[in-house]
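Just below is one structure, and these are the notes that go with it.
The values are calculated or read from the model by the stated rules, or taken from the named source; none is laboratory data. The structure displayed is predicted, hence computed values, not measured ones. Cβ placement follows ideal geometry from the backbone for every residue including glycine, while neighbour counts extend to all protein chains displayed.
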Amino acid sequence: MQSAPAATMNAPKQTALPFRLIVIGIISFLTLVDLFAAQAILPSLTKAYGVTPAQMGFAVNASTLGMAAAGIVMAFLASKINRRQGIWISLALLAVPTTLLGMMPDLATFTALRVVQGVFMASAFTLTMAYLAEQYSASEVASALAAYVTGNVACNLFGRLMSASLASSFGLEVNFYVFAALNLAGALLVFFALKQMAPMNDTMAKSPFAAWIEHFKNPPLRAAFGLGFLILFVFLGTFTYVNFVLAREPIAVAPMTLGLVYFVFLPSVFTTPLAGRAAVRFGSRPTFVASFAVAAAGLPLMLVLALPFVLAGLALVAVGTFFAQAAATGYVSRTATTERGAASGIYLASYYLGGLAGSAVLGTVFDMFGWSETIVALAVALALAALLTLQIKDPR
């Protein structure tokens, strides 16, 4: 059971909200930077290991399998874990597999280490989401969760840029060692910045299985879990295999320049924080539909094998999927009025299973048929997501 002196319960109110949102964004950045940074060096890793794009894509994205597994475990155990301690310990332990990746092990070991990375990233992510939902008022929680997802956007941009630059300048090994140092920096930030933000008493009133059953019996929540699956399916599938399209003729972007491509995430840094307010003002369903429409608008542009068109398409996919992710994160928090840790864990498990499925399914489509057919598969996934929004209803 978690408890705290009454004097510390209002500690978050003592700090200005904008500063707290910045801290939340930085914590998110340092939590998830390993997840996407490796995608920027996929062509280099594929060459170094002498494997196919689909094999290396699966190995790099195997972290999503660990994240899905950790999400399920957190759904059972989140109520028993001290939030702050769980977050910083997870980030400190994350540095271990990240360091070992720098030793360039065989592909099977590389894949296993990515799974372990995913376990620690998702543990920190799930506990932080539950922490924010508990610590912030109803009027602040949407902004807090949007700030966390914005940090995710930032790590997609700057993490990839950093990874591409480090790998080109100093080699793949140094790249992983630097990211291990960032993991430790995240642990230190959580240890000190969240020290006065006392965890809430969140003893689970029901058994874990009862909480799961209750959440899955709730059609809007069930739909939100499905949306999470499809959001990362589309995002990870797009940004994993477009690297190979960019590196090949007729575009043929150089490895160092490939990192600069990820400035396509820059618009998302500014649009994602608006997701919480958009959902409150216009409703969750219209927000989701608009997000998927924006992402879908980017797909035909990526069929034109010229760099400006592909970049424009990627920017639209990023804006749409990140906006939907921020809206979905807040929606799960608002809709699950009890056992939020369990609901967050289920959502994240679904989200990261979608990423793993996107990597595997779309990798197979890409290897067997090509980029055009991959775009068609992405369009089908977005259409399914739009259909799922029919089950979305805002809680009263």
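As for segment 325-334, it holds at least one residue that is among the charged types (D, E, K, R) and under 22 Å from the mean Cα position of the chain (by Cα).
Among the criteria (1) of a type in the set (S, T, N, Q); (2) within 26 Å of Ser63 (Cα to Cα); (3) more than 22 Å from the chain's Cα centre (by Cα), the one Ser372 does not fulfil is (2). So is Thr389 under 24 Å from Arg277 (Cα atoms), in contact with a Lys or Arg (Cβ under 7 Å, 6 or more places away or on another chain) and β-branched (Val, Ile, Thr) or not? Yes, satisfied. Any residue at all in segment 221-243 that is out of contact with any Ser or Thr (no Cβ under 7 Å at 6 or more places or on another chain) and without any contact (Cβ under 8 Å) to a residue 60 or more places away in the chain? No: segment 221-243 contains no residue that is out of contact with any Ser or Thr (no Cβ under 7 Å at 6 or more places or on another chain) and without any contact (Cβ under 8 Å) to a residue 60 or more places away in the chain. Does segment 189-204 contain any residue that is at pLDDT below 85, touching an Asp or Glu at 6+ places or on another chain (Cβ under 8 Å), charged (D, E, K, R) and more than 18 Å from Thr98 (Cα to Cα)? The answer is yes, given that some residue of segment 189-204 is at pLDDT below 85, touching an Asp or Glu at 6+ places or on another chain (Cβ under 8 Å), charged (D, E, K, R) and more than 18 Å from Thr98 (Cα to Cα). Checking the structure you have, find out if any residue of segment 128-150 is hydrophobic (A, V, I, L, M, F, W, C), within 28 Å of Phe270 (Cβ to Cβ), crowded, with 24+ Cβ neighbours inside 10 Å and modelled with pLDDT of 85 or more. Checking segment 128-150: not a single residue is hydrophobic (A, V, I, L, M, F, W, C), within 28 Å of Phe270 (Cβ to Cβ), crowded, with 24+ Cβ neighbours inside 10 Å and modelled with pLDDT of 85 or more. Taking segment 67-80 as the range and being surrounded by fewer than 23 Cβ atoms within 10 Å (Cβ to Cβ), of a type in the set (A, V, I, L, M) and either over 24 Å from Gly355 (Cβ atoms) or touching a Gly at 6+ places or on another chain (Cβ under 8 Å) (or both) as the test, the residues that pass are Ala69, Ile72, Val73. Within segment 147-167, residues that are farther than 19 Å from Ala327 by Cα sit with their Cβ atoms under 8 Å from residues that are surrounded by 22 or more Cβ atoms within 10 Å (Cβ to Cβ) and of a type in the set (D, E, K, R), at 6+ positions apart or across chains, in these pairs: Gly159/Asp34. Just one of the listed residues (Ala328, Ala324, Ala336, Ala360) is in contact with a His (Cβ under 8 Å, 6 or more places away or on another chain) and not charged (D, E, K, R), namely Ala336.
What are the residues in segment 244-291 that are touching a residue at least 60 places away in the same chain (Cβ under 8 Å), of a type in the set (Phe, Trp, Tyr) and closer than 20 Å to Arg334 by Cβ, if any? The one that is touching a residue at least 60 places away in the same chain (Cβ under 8 Å), of a type in the set (Phe, Trp, Tyr) and closer than 20 Å to Arg334 by Cβ: Phe288. Under the condition of being surrounded by fewer than 23 Cβ atoms within 10 Å (Cβ to Cβ) and closer than 18 Å to Ile41 by Cα, the residues counted in segment 89-107 number 8. Of Ala324, Ala336, all but one fail to be aliphatic (A, V, I, L, M), at pLDDT below 85 and either out of contact with any Gly (no Cβ under 7 Å at 6 or more places or on another chain) or surrounded by 18 or more Cβ atoms within 10 Å (Cβ to Cβ) (or both); the exception is Ala336. Does Phe120 satisfy the criteria of being farther than 27 Å from Phe263 by Cα, at pLDDT 85 or above and of a type outside the set (Ser, Thr, Tyr)? So Phe120 passes the test. Does at least one position in segment 376-383 carry a residue that is β-branched (Val, Ile, Thr), surrounded by fewer than 22 Cβ atoms within 10 Å (Cβ to Cβ), part of a helix (DSSP H, G or I) and at pLDDT below 95? No: segment 376-383 contains no residue that is β-branched (Val, Ile, Thr), surrounded by fewer than 22 Cβ atoms within 10 Å (Cβ to Cβ), part of a helix (DSSP H, G or I) and at pLDDT below 95. Within segment 362-375, being out of contact with any Pro (no Cβ under 8 Å at 6 or more places or on another chain) and assigned to a helix (DSSP H, G or I) holds for Leu362, Thr364, Val365, Met368, Trp371, Ser372, Glu373, Thr374.
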